[in-house]
Amino acid sequence: MSVNAEDLCRIATEVWRDVLNQDIGASEAADPGVMTGCIKITGAFRGAVVLVVPRGVARAAAAVMFALDESAVGPDEERDAIGELTNMLGGHVKSMVASPSQLALPSVAPDSGHCLQRCNLQPLAEQAMAAPSGRFSLQVMEDVG
């Protein structure tokens, strides 16, 4: 089974609703990212799930996840929240690709720099999403090397 943009929209909508109690929807474009979450998938499917978010999305997610006022959210909480969201999104994607496949631990990098070497990765599916706190992108990369 392959993953497409509609799948990513459905997955992101479910995760944001279930974890953050926020309604989100598809968008034509994402805001510039300040943080990138990545999680590798290995096994029968080789690739990665990549979440690129602007500061507003990271801060709002952390505030909800850790029951903090947004003014009390710092870089560590933002990074932890994006790592956890990346892990959840990756779990949903893993259930849709060839099995057996396994998830690695998520990693989070500052800015929109990529957490993965792109040399053998190509985009399989990508979707921009609009949340109350900003627009972000979700991408599935496939290792073709």
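Where a number appears in this text, it was derived from the coordinates with a stated rule and is not lab data. All of these numbers come straight from a predicted model, not from anything done at the bench. Note that each Cβ is placed from the backbone with ideal geometry, even for glycine, and that neighbours are counted across all protein chains shown.
With each label point set 7 Å from Cα along the Cα-Cβ vector, what nm distance links S2 and A72?
4.7
Give me, ordered by chain and number, the residues 5 or more places off S27 or on other chains with an amide H under 5 Å from its own placed amide H.
A128, M129, A130
For L124, what residues show an amide H to amide H distance below 5 Å, using hydrogens built from the backbone and excluding near sequence neighbours?
Residues meeting the amide H criterion: V140, M141, E142.
Using DSSP H assignments, which helices in the chain have an axial alpha-carbon span of 24 Å or above and a mean Kyte-Doolittle hydropathy of -0.5 or higher? Working shown, then result.
Details: long enough: 75-94 (28 Å, -0.81).
Once both thresholds are applied, nothing remains.
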